[in-house]
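One structure is given below, encoded as structure tokens.
The values are calculated or read from the model by the stated rules, or taken from the named source; none is laboratory data. As the structure is a computational prediction, the values presented were derived from the model and not from experiment. Cβ sites come from the backbone with ideal geometry, for glycine too, and all protein chains shown count toward neighbours. Surface areas here come from the heavy atoms of the whole protein model, side chains and all, with no ligands, DNA or RNA. Shrake-Rupley method; radii C 1.70, N 1.55, O 1.52, S 1.80 Å.
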Amino acid sequence: MPLRLLIADDHPIVREGLRAAFDGEPDLEVVGEAADGDEAVRLAAELVPDVVLMDLRMPGLDGLSAIRRLSGTGPRILVLTTFDGDVVPALEAGAGGYLLKDAPKDELVRAVHAVHRGETVLAPAVTGRLADHLRRPARGQLSKRELEVLRLVAGGATNKEAAAGLLISEASVKTHLLHIYAKLDVRDRAAAVGEAYRRGLLAR
């Protein structure tokens, strides 16, 4: 029996291209296509694919959320995306592999089979990010004070207002923010707040 594939990507041209690439492989069969995460979860339950080829940036339910819902339900997940910055969250969510969309067809086919066997497959371009994450185990772990600063910033407080609220200096607030940016791998306060919500560090 050929290995059953479900393609999840919000771009029709990408889905058509992937289907055309796999159609020439006798041991692979595309059994369905999804345009967003919700459809991917629904079709995975209906079609029972062996592997789901998952994009991450999709409208509605995004790829990471879809991976979390599918994790442990049966199909293996191979991320295929344009972005190289979400490898750690994708693997933590349950993905078995992470490739970029510029991967050659042969590499993609091999990755599908490898992920189906339970192996972890990573694009060369993202292994550095994973290594960096492993070298810095404290990455993303905010201190109690940093969380206090971030909660005030998320509520709209300026550095001066946050300093007054925490009875610390404005310079200390700036230092805490720099540490927060480094731990969350972001460059500004808006991105820090967004990333903190995404990781569940702040309650909505």
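The simple Förster model, with R0 at 35 Å and r as the Cβ-Cβ distance, assigns ALA45 and ALA182 a FRET efficiency of 0.30.
Here each label is just a point 7 Å from Cα along the line to Cβ, and for ARG145 and GLU119 those points are 4.8 nm apart. For the chain, the dipole from Cβ point charges (+1 on Lys and Arg, -1 on Asp and Glu) about the Cα centre works out to 1160 debye, to the nearest 20. Counting protein heavy atoms only, the chain has 53 percent of its accessible area on carbon and sulfur, 1.4 angstrom probe. Springs between Cα atoms under 10 Å define the GNM used for the chain, and in it the highest mean-square fluctuation of ALA190, ALA111, ALA21 occurs at ALA190. If R0 equals 25 Å, the separation of the Cβ atoms of ALA190 and SER169 corresponds to a calculated FRET efficiency of about 0.60.
Let me know the whole percent of all Cα-Cα pairs from the chain that are separated by more than 33 Å. Within the chain, distances greater than 33 Å cover 27 percent of Cα pairs. What is the distance in Å between the Cα centres of segment 21-42 and segment 50-114? About 13 Å separates the Cα centre of segment 21-42 from the one of segment 50-114.
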